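Okay, so here's the structure we're looking at.
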Amino acid sequence: MDKLIITGQKRLHGEVAISGAKNAAVAIILAAIMANDVCIIENLPHIEDVECLIETITNMGVKCDYIDKYTLRIDSRNITNSSATYEAVKKMRASYYLLGALLGRFKKAEVSLPGGCDFGSRPIDQHIKGFEALGATVSIEQGMIIANADKLVGATVYLDAASVGATINIMFAAVFAKGTTIIDNAAKEPHVVDTANFLNSMGAIVKGAGTDVIRITGVEKLHGSTYMIIPDQIEAGTYMIAAAITGGDVRVNNIIPKHMESLSAKLAEMGVEIVEGDDFINVKANIPLKSVNVKTMVYPGFPTDLQPQMVALLSTCKGVGLVTENIFDNRFQYVNELNRLGALIVVEDRLAVIEGVTELSGAEVMATDLRAGAALIIAGLIAKGKVTIGNVKYIDRGYGYIEEKLRALGADIERIKG
Ligand code: EPU
């Protein structure tokens, strides 16, 4: 397995371009197979999760061809089966979008229970509740979720948790349901809005995405479309934090600054100089920074997907920072690895208490999931000595060209092929 080796204490400077959003891409690729037509998806990130999904739908008879490095042509006119096995979906959580997409288009779907990053219990009861409200019968047999419907009829679905996955999945199934579906307490994340915009570009009628209430009026069919994915809010945030921890001066390009507000505000509170342009943010820091408290929340609150990176940053700040994880029940598993680098972090249930240290030092550590891996890279950038990170496959799931991008900013990072 590949390893990343970082020799830290290099101040990052220069410019970095952010890729298309992972969590929009994985939904949009599967939305495209609802069209029974040809879609062109632009600004696709070069990451393992995308490759894995392309392989999954290719095995189902969808024709996928890259037009250029970041543009994919998806022809879903000849889907041969509506089932995706464990082998196909075990690596990624987003495979659950196949349920809504296939149920919508074929009125039946068989998809293995999803894999993906492990940070506690990750139920899909709200997805299932939504499908059932629209008239589907859903059962779980031998690890497969099986959904069937004679017809789908619009309904009102109140989500107990503002779940990204459930919101998008119910939106998918509702696109072809008769009448209007209302999703109440819907997730408002930028990738939910992007997915709704893509559905609308194919002829769907989805209104209210980005608010608590989404209304979907069913249509008979969708048509192909050409669509550009939004920039990745979490990749952008990761580079902003990387710049801050090294006392760097980095312009993060090709982003939507509005999506970064919760992070920008926190960094400013810590003493980082943030300058926003139309599609970039410049981050300039003098270290050590001041500690702050952070609580993860649904959008527009501070994203759980930047929590580990923020904890890494706080581990080198002056004072004590408190981080509360409100979205997932076990998303601090990586903290032991940060402590191996000399961080002083104590976790009690959903609260991490981070006492800033003056220096992190090199050691061998393992990424326990995607964003945990990003946090270890961030810590490695400022640690004294060499940090060797194992389990890089997790990082590759969501960050394209990470060594190249960091090297261009002055980091000393190399990959050892395993
Ligand atoms: N939840 C339920 N029941 C459900 C669904 C969710 O109780 O049926 C709860 C979860 O247990 C959790 C909360 O609702 O406490 C939020 O979960 P959500 O469904 O929003 O998460 P997800 O759809 O599984 C997506 C992203 C994650 C990101 C979360 C939160 C994708 C493919 N994944 O996951 O991204 O952390 O939303 O914003 O979009 C990542 O990119 O590293 C990543 C993990």
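The values are calculated or read from the model by the stated rules, or taken from the named source; none is laboratory data. Fair warning: this is a prediction, and the values are worked out from it, not measured in the lab. A quick note on method: Cβ atoms are made from the backbone with ideal geometry, for glycine too, and the neighbour counts reach across all protein chains shown. SASA here: full protein model, heavy atoms, side chains in, ligands and nucleic acids out. Shrake-Rupley method; radii C 1.70, N 1.55, O 1.52, S 1.80 Å.
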Tell me, how many Å apart are the Cα centres for segment 368-418 and for segment 15-54? 23 Å
Rounded to whole angstrom, the alpha-carbon centroid of segment 77-94 lies from that of segment 330-352 at a distance of 35 Å
Per-residue HN-Hα couplings for segment 226-238 [Karplus 6.51, -1.76, 1.60; θ = phi - 60°; Hz; x = Gly/Pro]: 10, 8, 10, 6, 5, x, 7, 4, 7, 4, 4, x, 4
Cα gyration tensor of segment 279-364, axes a ≥ b ≥ c as square roots of the eigenvalues: rounded (a/c below 1.5), prolate (a/b > b/c) or oblate? oblate
Carbon/sulfur fraction of accessible area - segment 260-418, other protein chains in place, 1.4 Å, %: 50 percent
Sticking with the crude label model, points 7 Å out along Cα→Cβ, report the distance from residue 275 to residue 140 in nm, one decimal please. 5.2 nm
Rounding to the nearest 10 and keeping the result within 0 to 90°, find how far the Cα-based axis of helix 370-382 lies from the longest principal axis of the chain. 20 degrees
I want to check the label-to-label distance for residue 364 and residue 86. Put each point 7 Å from Cα in the C-beta direction and report it in nm to one decimal. 3.1 nm
Nearest-ten-degree value, helix 164-175 long axis tilted from longest Cα axis of the chain: 20 degrees
Residue by residue through segment 311-320, what is 3J(HN,Hα) from phi via Karplus (6.51 cos²θ - 1.76 cosθ + 1.60, θ = phi - 60°)? Round to whole Hz and write x for glycine and proline. 5, 4, 5, 5, 5, 10, 8, 7, x, 10
For the chain, report the accessible area per residue in Å² (1.4 Å probe, heavy atoms, rounded to an integer). 38 Å²
Just check segment 22-228 against the gyration tensor rule for me: Cα atoms, a ≥ b ≥ c as the square roots of the eigenvalues, rounded for a/c under 1.5, and otherwise prolate or oblate depending on whether a/b exceeds b/c. rounded
Within the accessible area of segment 1-134 (1.4 Å probe), percent carbon and sulfur: 48 percent
Choose one of 315, 367, 344: the residue whose Cα lies farthest towards the positive end of the charge dipole of the chain (beta-carbon charges +1 Lys, Arg; -1 Asp, Glu; about the Cα centre). 367
By a straight-distance test (C-alpha under 19 Å), which lysines pair with residue 69 as possible cross-link partners, with residues fewer than eight away in the same chain excluded? 22, 405
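Where a ≥ b ≥ c are the square roots of the eigenvalues of the C-alpha gyration tensor, would you call the chain rounded, which needs a/c under 1.5, or, failing that, prolate if a/b is larger than b/c, or oblate? It would help to have the intermediate numbers written out before the result.
Details: a/c = 1.87, a/b = 1.78, b/c = 1.05.
The shape class here is prolate.
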Backbone HN-Hα couplings from phi across segment 42-52 [Karplus 6.51/-1.76/1.60, Hz, Gly and Pro as x]: 9, 6, 6, x, 8, 9, 4, 4, 5, 4, 5
In segment 177-251, what percent of the accessible surface is made up of carbon and sulfur (1.4 Å probe, ligands and nucleic acids excluded)? 50 percent
Taking the chain and counting helices only, DSSP H stretches of n ≥ 4 at -39,500 (n - 2.57) each over all residues, the nearest-500 ellipticity at 222 nm comes to -9000 deg cm²/dmol
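Could you work out the local net charge near residue 54, counting Lys and Arg as +1, Asp and Glu as -1, over the other residues with Cβ closer than 13 Å to its Cβ?
Overall, the nearby charge balance is -3.
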Let me know the longest stretch in the chain that avoids all GluC sites (Glu not before Pro) found in a DSSP loop with at most 13 other C-beta atoms within 10 Å. 1-219
